[in-house]
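No lab work stands behind these numbers, since they all come straight from the coordinates. Here the structure is a predicted model, which means the values were calculated and not measured. Quick reminder, even Gly has a Cβ in these numbers, built from the backbone with ideal geometry, and neighbours come from all protein chains shown.
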């Protein structure tokens, strides 16, 4: 029985690899990542968001969720590099301001 589950997992991974990049993949990983983010399991959520982005690089919400997670972990420069450039998205503007504020404060404390 264990072998069957492993074979099924490998089959799913091969299917994902064959379809990548695809606009219809990644939403399950993103949903799990959002749940983990709400439960403050940030390191595991980062893995889920990175997988979602790898499967579907066309969806900017995945990158936004990853940036929020990196912000929560205190990895501000990495979050700043990940956040998608969408001037009309208020959530991105808020996150961008928060990240820049933290980076500015960290720079002042270090000097």
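The table below lists the values:
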| quantity | calculated |
| --- | --- |
| Mean separation of Cα contacts under 8 Å, 6 or more apart, over the residue count of the chain: relative contact order % | 19 |
| Tilt relative to the chain, helix 2-19 - C-alpha long axis, 0 to 90 degrees, to 10 | 60 |
| In degrees, nearest ten, helix 42-55 long axis to first principal axis of the chain (Cα) | 60 |
| Helix-only CD estimate at 222 nm, as mean residue ellipticity for the chain, using -39500 (n - 2.57) per DSSP H run (n ≥ 4) | -25000 deg cm²/dmol |
| Per-residue Cβ neighbour rank within 10 angstrom, fewest leading, 43, 16, 59 | 43, 16, 59 |
| Degrees between helix 90-110 axis and first principal axis of the chain (Cα, 0 to 90, nearest 10) | 60 |
